[in-house]
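Novice: Below you'll find the structure I mean.
The values are calculated or read from the model by the stated rules, or taken from the named source; none is laboratory data. No experiment lies behind these values; they were computed from the predicted model shown. Note that each Cβ is placed from the backbone with ideal geometry, even for glycine, and that neighbours are counted across all protein chains shown. The accessibility values were calculated without ligands, DNA or RNA, using every heavy atom of the protein model including side chains. Shrake-Rupley method; radii C 1.70, N 1.55, O 1.52, S 1.80 Å.
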Number of protein chains: 2
Amino acid sequence: VRKNFNINELDRISIVGVGLLGGSVGLALQAAGFSGTRVGVGRRASSLDRALKADAVDETTRSITEGVTGAGLVVLCTPIGRFKPLLEQMAGALAPDTYVTDVASTKGYVVRLAHRILPKTVRFAGSHPMAGSEKTGVEFSRADLFERSLCLVTPISRTPKSTARWLRGFWESLGGHTLVLPPHRHDELLARVSHLPHAVATALVNLSARSAAIDLAGSGFADMTRIASGDPAMWTEIFGTNRSAMIKAVDQMLVELKRFRDRLDRDDERAILNWLDAAKTTRDGWISKRYSKRVWPG
Amino acid sequence: VRKNFNINELDRISIVGVGLLGGSVGLALQAAGFSGTRVGVGRRASSLDRALKADAVDETTRSITEGVTGAGLVVLCTPIGRFKPLLEQMAGALAPDTYVTDVASTKGYVVRLAHRILPKTVRFAGSHPMAGSEKTGVEFSRADLFERSLCLVTPISRTPKSTARWLRGFWESLGGHTLVLPPHRHDELLARVSHLPHAVATALVNLSARSAAIDLAGSGFADMTRIASGDPAMWTEIFGTNRSAMIKAVDQMLVELKRFRDRLDRDDERAILNWLDAAKTTRDGWISKRYSKRVWPG
């Protein structure tokens, strides 16, 4: 945890959207010794009740303006599709100098939206805590969800350094490790290691379903396609808000697979062996580094 | 286990190649009550010694002709690249009616090779026990490796029914479940659910390595690319001996990904959602069936 960071400088933190991530922010704040009020904002009374029961928040409200009033920090944890109306509604109710961030998986679109809608007096930067699970709902929230996970903070050039620094302190106080990078760079890199793999897993499942092939699929296929069991609506949003980086990543994949196809066609065993070797070396090195650091994206 | 199948009708079983799979055949035979002699054939004295020490075989020899002499069953467990010389060397030493099979992951090439080289008096059909591990070496052999795993037996049209039946009985006596299908069909289906996924995982790793992207990769990426840490030499052989089915599978993947790219380009959220939904439905259904049956490919 950064020096000079003290979460108890704030009296009130507003968590907008109390699902797995929002609930985990609440539980982690409590575990980190936050003694102020955690306010849960949601649309449905039932999910707010469940959040209270899970002890993820101290108070709840269905009114976004009421929910953010007096808050020193607002964390947006809803699906991206809800961001625009929520930002518009909260804009007038935010006190100057309020910290605002979000936990969405794509950053360019979200950061542009927030800067367009929020008053200049507010201290905003995007966040992407790389933690989560296939599960959804506050019941699966965990106080240690961010522990040793990587949290990306994505200021833009005109974001004050102090805002990004404070948000790093925030995520680090919840147990995470932080890394700062610009929104477009975030989206480019995540397209390659997260969004493209998701699309590829989806393609593999849909191809195998067209024949009896899937009945012969083994544990390798199960591991490889696990992410294809993720929430289709959430992934439609991710793809939709990261279109240009995704198109670039898909194009690179098409080139890579075409090159492999040509090597097969020429029966170029040497080139295929080298290609497989390079991947094994990269992955084995990455895995051992990942475990030796004991810090990793979730 | 099939009725009328009795492994102890044989006095001597020859296991050619005593690595993870060959060693597991030996251990599983012992567990199944085989009271005859398990002969291990290998090139290196050191691996034969390790196989003896692991109790995977009873006797060893570095001579293939000596190793198969008097055997009622020969199981080829070496890399595919060794098959041609081994089949040529053993051809003259096999007694009439000896059962011969193999455990290779591609079947068309191997089955053609065996039928061309082995005498007509021998009872051959290909096998593909879908069990194994990223690990190699007799030290990782297990008596229960084939337990509840799926073993594919791939006779051709002129293979006597009794040969395929006997080989099914053999794998079932080791705890496996069996399925019979023609070699070309095997290769087509495995291309989709095993060989193409391997190529795709390799492509993902190699793409991510070209930037800093891999440092942001999470557990989804780790699961998805696990198979890219497999043995490059073995996978070069698999691709090389299943070229036409692989080219077809890669072409289908290229079409599927191009279609997705076009949907991204048109911002067709509805089509993307349906595509993701279809994959989730297929995979969730497959996973629940897989676990309810409690029988699966390894």
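Novice: Among the residues in segment A:53-63, are any among the hydrophobic types (A, V, I, L, M, F, W, C) and within 24 Å of residue A:186 (Cα to Cα)?
Specialist: Checked segment A:53-63: no residue is among the hydrophobic types (A, V, I, L, M, F, W, C) and within 24 Å of residue A:186 (Cα to Cα).
Novice: Do any residues in segment A:166-184 that are free of Cβ contacts under 8 Å to residues at least 60 places away in the same chain have Cβ atoms under 6 Å from those of residues that are among the hydroxyl-bearing types (Ser, Thr, Tyr) and not in a helix (DSSP H, G or I), where the two are at least six apart or on different chains, and which pairs are they?
Specialist: A:171/A:178; A:176/A:149
Novice: Another question, if that's okay. Restrict the check to segment A:203-218 and report whether at least one residue is within 7 Å of chain B (Cβ to nearest Cβ), touching a residue at least 24 places away in the same chain (Cβ under 8 Å) and closer than 27 Å to residue A:136 by Cα.
Specialist: Yes, segment A:203-218 contains a residue that is within 7 Å of chain B (Cβ to nearest Cβ), touching a residue at least 24 places away in the same chain (Cβ under 8 Å) and closer than 27 Å to residue A:136 by Cα.
Novice: Same structure, new question: Taking the condition of being free of Cβ contacts under 8 Å to residues at least 40 places away in the same chain and under 21 Å from the mean Cα position of the chain (by Cα), how many residues in segment B:1-37 meet it?
Specialist: Residues in segment B:1-37 being free of Cβ contacts under 8 Å to residues at least 40 places away in the same chain and under 21 Å from the mean Cα position of the chain (by Cα): 0 in total.
Results for (1) within 12 Å of chain B (Cβ to nearest Cβ); (2) at pLDDT 95 or above; (3) touching a Lys or Arg at 6+ places or on another chain (Cβ under 9 Å), shown as yes or no for each residue.
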site: A:161; (1), (2), (3): no, yes, no
site: A:167; (1), (2), (3): no, yes, yes
site: A:176; (1), (2), (3): no, no, yes
site: A:182; (1), (2), (3): no, yes, yes
site: A:187; (1), (2), (3): yes, yes, yes
site: A:191; (1), (2), (3): yes, yes, yes
site: A:195; (1), (2), (3): yes, yes, no
site: A:198; (1), (2), (3): yes, yes, no
site: A:201; (1), (2), (3): yes, yes, yes
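Residue-by-condition table, conditions (1) under 22 Å from residue A:80 (Cα atoms); (2) within 13 Å of the chain's Cα centre (by Cα); (3) of a type in the set (A, V, I, L, M, F, W, C):
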| position | (1), (2), (3) |
| --- | --- |
| A:115 | yes, no, no |
| A:127 | yes, yes, no |
| A:130 | yes, yes, yes |
| A:137 | yes, no, no |
| A:148 | no, no, no |
| A:153 | yes, yes, yes |
| A:182 | yes, no, no |
| A:197 | yes, no, no |
| A:201 | no, no, yes |
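Novice: Just give me the residues in segment A:267-298 being open to solvent by 50 Å² or more (accessible area, probe 1.4 Å) and either of a type in the set (Phe, Trp, Tyr) or at pLDDT 90 or above (or both), in sequence order.
Specialist: Once the filter is applied, which keeps residues that are open to solvent by 50 Å² or more (accessible area, probe 1.4 Å) and either of a type in the set (Phe, Trp, Tyr) or at pLDDT 90 or above (or both), segment A:267-298 yields A:267, A:269, A:270, A:274, A:277, A:280, A:281, A:284, A:291, A:296.
Novice: Collect the residues in segment B:1-23 that are under 19 Å from residue B:142 (Cβ atoms) and either charged (D, E, K, R) or touching a strand residue (DSSP E or B) at 6+ places or on another chain (Cβ under 9 Å) (or both), keeping them in residue-number order.
Specialist: Correct list: B:7, B:13, B:15, B:17, B:18, B:21, B:22, B:23.
Novice: Report whether or not residue B:243 is within 28 Å of the chain's Cα centre (by Cα), at pLDDT below 95 and surrounded by 16 or more Cβ atoms within 10 Å (Cβ to Cβ).
Specialist: no
Novice: So, residue A:262, is that one more than 7 Å from chain B (Cβ to nearest Cβ), of a type outside the set (S, T, N, Q) and open to solvent by 60 Å² or more (accessible area, probe 1.4 Å) or not?
Specialist: The answer is yes for residue A:262.
Novice: Go through (1) within 24 Å of residue B:246 (Cα to Cα); (2) among the hydrophobic types (A, V, I, L, M, F, W, C); (3) open to solvent by 20 Å² or more (accessible area, probe 1.4 Å) and name the single condition residue B:152 misses.
Specialist: In the conditions (1) within 24 Å of residue B:246 (Cα to Cα); (2) among the hydrophobic types (A, V, I, L, M, F, W, C); (3) open to solvent by 20 Å² or more (accessible area, probe 1.4 Å), residue B:152 misses (3) alone.
Novice: When only residues in segment B:219-244 that are more than 7 Å from chain A (Cβ to nearest Cβ) and among the charged types (D, E, K, R) count, which is nearest to residue A:200 (Cα to Cα)?
Specialist: B:231
Novice: In segment B:246-259, which residues are open to solvent by 10 Å² or more (accessible area, probe 1.4 Å), among the β-branched types (Val, Ile, Thr) and at the interface with another protein chain (Cβ under 7 Å from one of its Cβ atoms)?
Specialist: B:247
Novice: Just checking, which of A:272, A:287 is touching a Gly at 6+ places or on another chain (Cβ under 8 Å), free of Cβ contacts under 8 Å to residues at least 24 places away in the same chain and either part of a helix (DSSP H, G or I) or facing chain B (nearest Cβ under 7 Å) (or both)?
Specialist: On the way: A:287 fails: touching a Gly at 6+ places or on another chain (Cβ under 8 Å).
Going through A:272, A:287 in turn, the sole match is A:272.
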